[in-house]
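What follows is calculated from the coordinates using simple rules that are stated; it is not laboratory data. Because the structure is a prediction, the values reported are computed rather than measured. Using ideal geometry, Cβ is built from the backbone for each residue, glycine included, and neighbour counts are taken over all protein chains shown.
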Amino acid sequence: MKRKTGQDRSVTANWRPATRAIRGGTARSEWGETSEALFLTSGYAYDCAEDAAARFSGDQVGMTYSRLQNPTVEMLEERIALMEGAEACRTMATGMAAMTAVLLCQLQTGDHLVGGRAAFGSCRWLTDTLLPKFGIGTTTVDARDPQAFLDAVRPETKVFFFETPANPTMDVADLAAICAIARERGITTVVDNAFATPALQRPMEFGADVTAYSATKMMDGQGRVLAGAVCGTREFIDNTLLPFTRNTGPTLSAFNAWVVMKGLETLDLRIRRQSEHSVKVGQFLEARVPRILHPGLPSHPQHELAMRQMDACGSIFAFEVADRAQAHALLNALELIDISNNIGDSRSLMTHPASTTHAGVSAEVRAEMGVTEGLLRINVGLEDPQDLIDDLDQALRRAGL
Ligand SMILES: *Cc1c(COP(=O)(O)O)cnc(C)c1O
């Protein structure tokens, strides 16, 4: 395959972000296609037996099996790495496959992890249930307070793991402060950057070692496929992550990689427009509901920090009504916005985390995280924001607000 400049770091490293999102990673085949080719193949054939042997020994560059390499998947990985400003990226079948792999590949019995308390439900399951099962100690802290990470550090602490903004309470973690604490102690910081994406926030610029993604969300951006990704140094990806993923197989399908790659071309446009819509809808709701958790509004206690770390606030925020009954009544009265637990879609979606995404987390942990019975989370899409406001207005009235 002819390698054009989309894969050549001596060229792509000089490209500005918009160019990287469109051209990064592209490797044209001999057919000269403009849109990246979709290589739906599980295996590869060799010209001779010696080539096969050389490919396996690593003496010859090339592909052997799609659990390990695929041209379409590699194009996506190079594009994400470029957008992130990372040396390397590996994609996974889902965001949770990425989170599981990035933790299990580097932790072993006797190690300790400090995690953010407010987190996606399945991420909390990893830290609360899966890791302790293998003798890996975990402590969850309020990630809004960098000192809480420092206080939780033990001699055997190997990893800090948190989201910012966090799902679904929109807690914002101070990336520079937390990463500095980790750096001084040789602790690896893993940031789940799903809400912001590299279009709005690049944690490595603040000292993070590894970023991990649910690419299902804003990166695909149109609610079509599940995907995940891990970015880090070449050394971390090749020598720590790859031995784990090559042999356990949480591989992203070439088709899903192709879909996400197309999504990345419009990520910057979508997330900036959705951020604007999110602020408009947030300003409307702020006057109508008892409490709003919106990093793009000055009422958010960490608004300034959020805006320092992020180029815009993103598509997602949360707000509170009285209780579960009122939250469900509001959802049931919606006519345009869908009741859906997905996020990052170009459609507006709303969910009640306590009874959906965080139903698997115990009531005590939900309370500690701030996932109250009246909490609702909204993903603001690309529809006309006035139509969204009109829909919320009529639904709020019908729910007694
Ligand atoms: C959705 C999500 C995940 C899990 O990703 P999947 O692609 O659904 O497996 C992890 N972290 C955060 C913050 C998420 O929003």
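Relative to the Cα centre, the charge distribution of region 268-398, modelled as +1 at Lys and Arg Cβ and -1 at Asp and Glu Cβ, gives a dipole magnitude of about 140 debye. Just checking the listed ones, PRO168, PRO155, PRO290: in the Gaussian network model of the chain with Cα springs under 10 Å, the one fluctuating most is PRO155. The antiparallel fraction among DSSP beta bridges confined to the chain stands at about 50%. Among the GluC sites (Glu not before Pro) in region 154-263, those located in a DSSP loop and surrounded by at most 16 other Cβ atoms within 10 Å of their own Cβ are GLU156.
Neighbour counts of C-beta atoms inside 10 Å place ASP238, ASP220, ASP268 in the sequence ASP238, ASP268, ASP220, starting with the fewest. Ranking of LEU382, LEU82 by neighbouring Cβ atoms within 10 Å, starting from the fewest: LEU382, LEU82. Of the residues MET218, CYS48, ALA81, the one whose Cα sits farthest toward the positive end of the charge dipole of the chain, with +1 on the Cβ of Lys and Arg and -1 on the Cβ of Asp and Glu, is CYS48. In sequence order, region 17-24 has phi-based couplings of x, 5, 6, 4, 5, 9, 10, x Hz under the Karplus curve 6.51 cos²θ - 1.76 cosθ + 1.60, θ = phi - 60°, and Gly or Pro positions carry x. Shown in residue order for region 7-13 are the 3J(HN,Hα) couplings computed by the Karplus curve 6.51 cos²θ - 1.76 cosθ + 1.60 at θ = phi - 60°: 9, 9, 4, 5, 9, 5, 4 Hz (x for Gly and Pro). Rounded to whole numbers, the Karplus 3J(HN,Hα) couplings from phi for region 368-381 are 5, 7, x, 8, 7, 5, x, 7, 10, 10, 10, 9, 8, x Hz, using 6.51 cos²θ - 1.76 cosθ + 1.60 with θ = phi - 60°, and x at Gly and Pro.
Only Cα pairs under 8 Å and 6+ residues apart enter the sum, and on that basis the relative contact order of the chain stands at 16 percent.
Selection among VAL361, LEU375, ALA395 by position relative to the dipole of region 326-401 gives VAL361 as farthest towards the positive end (Cβ unit charges, Cα centre).
Annotation for region 206-291: trypsin sites (Lys or Arg not before Pro) lying in DSSP loop with at most 16 further Cβ atoms inside 10 Å of their Cβ are ARG224, ARG288.
Among the GluC sites (Glu not before Pro) within region 31-110, those in coil by DSSP and having at most 13 neighbouring Cβ atoms inside 10 Å are GLU33.
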